[in-house]
1. Take the Cβ-Cβ distance between Leu197 and Phe92 as r, set R0 to 45 Å, and report the resulting FRET efficiency rounded to the nearest 0.05.
2. What are the ³J(HN,Hα) values, in whole Hz, obtained from phi via the Karplus relation 6.51 cos²θ - 1.76 cosθ + 1.60 with θ = phi - 60°, for each residue of the range 210-225 in sequence order, with x given for Gly and Pro?
3. With θ taken as phi - 60° and the coefficients 6.51, -1.76 and 1.60, list the Karplus ³J(HN,Hα) couplings across the range 44-61 in order, rounded to whole Hz; mark glycine and proline as x.
4. Place the peptides 30-37, 97-104 in order of packing, highest mean first, counting for every residue the other Cβ atoms within 10 Å and averaging per peptide.
5. Between Ala34 and Ser206, what is the FRET efficiency for a Förster distance of 30 Å, r being their Cβ-Cβ separation, to the nearest 0.05?
6. Within 9 Å, Cβ to Cβ, of Val145, how many net charges do the neighbouring residues add up to if Lys/Arg are +1 and Asp/Glu are -1?
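Here, each number is a calculation from the coordinates, and none is a lab measurement. Keep in mind it's a predicted model, so treat the numbers as computed, not measured. Here Cβ is always computed from backbone atoms with ideal geometry, including for glycine, and neighbour counts include all displayed protein chains.
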Amino acid sequence: MRFGLPVVLSVSFVLTACSSAIDEKGFSYDPWEAVNRKVFVFNDTLDTYLLKPIAKGYDVVTPKPVKSGVSNFFGNLDDMGSFVNSVLQLEFRKSLQILARVIDNTVFGLGGLIDVATPMGNPKISEDFGKTLAHYGVKSGPFVVLPFFGPSTVRDGFGRAVDMQVSAPLRYVRDDKIYWSLTGVNVVQSRAKLLPLEKTMGEAGSDKYLLMRDAWLQYRFGQVTGELRSKGEQEALDDVFRQEQEQAGEQAK
């Protein structure tokens, strides 16, 4: 089953009302921590016993060039959503840059399997509807952990739902078998990319929930405002949390 756009829009009023529950400086906070922790444990258990073992198997049996091609393919699809949101933000120069990247990678990169745009000086630019809402002044609202999808805020949770129903190219795949197959591969390859980072994350602190929450809020604040300290930090946090944005996957729908 796929949720339709009317279902997404029907909850927008609730999300908008909740989005005012922020502090005077506009930063997200965690008034629902007790519930969030329970959802976090659920997600972590699901990952430990289902997604992580599958990702490990994929990582072992899949040649590196194939993994790179799969990652580039889905990255190219993500760029299409970024193009839509950059247009909605009226960032037309950025829109043309993203569009040129999509065309280059699709035409000269074998349908997006090879990233030819980055070496040509056109790096990836990530945009989403949560950032579009922030662009027009919508506050982030409280921090929330969503079942299956992980850390978010009220604003970004609504933004993610809109992206899934409107700007995500896979949404327009008519054949359900193809759709679910591609979605499954995307979830697994996204999770597999996080395997090398797990040891570092595990050594960073004993409270996994607080580590996840604080790192995600810093990551998202940097995405929205462009104020992360370095490109390396942005890329590292993108790798850690892109999985949470891409898991529009098999269980939730």
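1. Step by step, r from the Cβ atoms, then E = 0.80.
2. So the Karplus estimates, Gly and Pro as x, are 5, 4, 4, 4, 5, 5, 5, 4, 5, 4, 5, 4, x, 4, 6, 9 Hz.
3. 5, 5, 4, 5, 4, 9, 10, 6, 4, x, 5, 5, 5, x, 4, 5, 6, 8
4. Top of the packing list down: 97-104, 30-37.
5. 0.95
6. Computed value for this residue: +3.
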